[in-house]
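Before any comments, here is the structure.
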Amino acid sequence: MSSMSTASGRPHVELRLPADSAFVSVLRTTSAGLAARLDFTLDDIEDLRMAVGEACAIVLTGATEGDLLAEFWLEQRTMTVRVSAPGAPTELDPEEDFAWQVLTTLASEAKLEHTGDTVALSLQFAALPLETGV
Amino acid sequence: MTTQPPRGESPVDLPRSAALEESRKRNAALFTILRAADSTENERRFARDHLISLNLPLVEHCARRFRNRGEPHEDLVQVGTIGLLKAVDRFDTDRGVEFSTYATPTVIGEIKRHFRDKGWAIRVPRRLQELRLQIGSASALLTQSLGRSPTPRELAERIGCTVEEIVEALESGSAYATLSLDAGDSSDGGTASMLDAIGAEDEQLEHVEIRESIKPLLDALEAREKTILMLRFFRNMTQSQIAEEVGISQMHVSRLLNRTLAHLRTALED
């Protein structure tokens, strides 16, 4: 998890939304827009878009009210996204849960944290080097 | 050096052109009946019906040009036939052109209109719809030449627009909901569908260990959606690879995946 340390310091981009699944698409779009800036491929962008949606679904499961906060750390061809919302700790068995299976396939790394009454999910995406030719 | 016989003169072409000539004659004869002032109502109806059934292969042919675009072939034939009906009713025999020459653009126009108007769940500006089509073909070309999926920047350079426009157009893609999602039932006869082509995957799917609660949900999915889901998350293929394997566009794979995940999520919550 050492590479997850990039998700420290002040985020480059922050987006605060109502903790309501209706706003998740805004977040997915924002993520895609940022990834395009980092030269992610269309495949990677689609993965990111989908993973952010899944992450929000997990984080919002226990959220009753308050805000959904999305923080982005942008590196050279690497993006870390942290979505968090107030909520009770989510029971998530990493080995069993389907959504978790989806997340770990899509993202390079995924981490679920509970701090106080906040549930946060961090995802790291590393775009593949832009090689050409097979 | 071998000399090719001029086109149309090879003996192989003869039966075909003879058949064409024959259908031309029948078309002309039927139109004469349809337009003649002294034809009875019954004769006109007979001629019209025959003209339509005689030219249905033309609609089939036109519809086939739009295969693999996510719309069921039968639907395209259906809207194409509307175009044929219009063409039969509007054809002017005095113009001196063949009926097929006149009908083809009408049929294709009707099919294109179907894609343009019916395919979009939300009215998306024409500019974005067209850009999205450009992205589709540019993306296929670049994927081929690069050996990986292209970046928005590469697409923007190829098409000659900005990265923002690419992102915007890709986003509008989620407003495109094709009717094919409801289709895929090949049990009612008709032509072979994509589902038939990928049916062999099911055997492997059975070996995948799936969490118990989600298994019935997965089982309830349509075969194609299930296949795409499995290829993506259990065989770890990229959307582009899946697109190639299943024979649909990457954007369509993306839509199907998103829809399936959303569906599973809601179903699990219930």
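A few notes on this one:
- Selected residue [more than 14 Å from B:Thr106 (Cα to Cα) and modelled with pLDDT of 90 or more] from B:Leu84, B:Leu51: B:Leu51
- Among residues of segment A:10-32, those that are touching a Phe, Trp or Tyr at 6+ places or on another chain (Cβ under 7 Å) and closer than 10 Å to A:Glu71 by Cβ, counted: 3
- Qualifying residue in segment B:143-162 (condition: modelled with pLDDT of 75 or more and at positive phi): yes
- Verdict on B:Leu58 being at pLDDT 85 or above and more than 30 Å from B:Leu133 (Cα to Cα): no
- Listed by first and then second residue, the pairs with beta-carbon distance under 9 Å, at least 6 apart or on different chains, first residue in segment B:142-156 and more than 7 Å from chain A (Cβ to nearest Cβ) and within 21 Å of A:Leu34 (Cβ to Cβ), second hydroxyl-bearing (Ser, Thr, Tyr) and part of a helix (DSSP H, G or I), are B:Leu155/B:Ser139.
The values are calculated or read from the model by the stated rules, or taken from the named source; none is laboratory data. The model shown is predicted, which means the values in this text are computed figures rather than measured ones. Neighbour counts run over all protein chains shown; Cβ positions are idealised from the backbone, glycine included.
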